[in-house]
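Here is the structure we will look at.
Quick note: the coordinates plus some simple rules give every number you see, no bench work behind them. Model, not experiment: these values are computed from the prediction. For neighbour counting, all protein chains shown are included, and Cβ atoms are generated from backbone atoms with ideal geometry for every residue, glycine included.
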Amino acid sequence: MSATGRVHPRLVAIAAGAASAFGGAFALTEADERLGPIVALLVALALVVGATRADEPALVMLGVAGTLVATQAVLATSFDGAVAAAIVALLGVLLVVGVIVRSTRRDRAAGG
């Protein structure tokens, strides 16, 4: 956030671009049922990594949400419903814990 409490236009542009890339990746599902969710998962993971390195929590949350949606879509095309739901839940927990641990380590290293 800026000094006035408003969101920076740069963050809005990055979030809009990430959402567009994510939606575009899912549009590939029309061409290949498995390709779209896999590309969407890669886009979401790239957003999580980039946002974590840039220390942008709002973008990390967007990336985590996209990762969970894309992971569910990938698993839905590969497994039956019950197994896919369990794997998505496990991966979601691991992803969120990983992001929290990395953020905590970064704060300690920075002296915060």
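A few remarks follow.
- A full extension of the chain between VAL12 and MET61 corresponds to an added length of 16.3 nm, given 0.36 nm per residue minus the alpha carbon distance.
- Rounded to the nearest 20, the Cβ-based charge dipole of the chain about its Cα centre (Lys and Arg +1, Asp and Glu -1) stands at 580 debye.
- Here VAL101, VAL96, VAL74 are placed in order of increasing Cβ neighbour count within 10 Å, fewest first, which gives VAL101, VAL96, VAL74.
- Put the Cα centre of segment 74-94 next to the Cα centre of segment 21-42 and the gap is 17 Å.
- Remark: spin-label model distance GLU33-ILE87 equals 1.5 nm, labels positioned 7 Å along the Cα→Cβ axis.
- Against the chain, whose longest principal axis comes from its Cα atoms, helix 57-76 is set at around 10 degrees.
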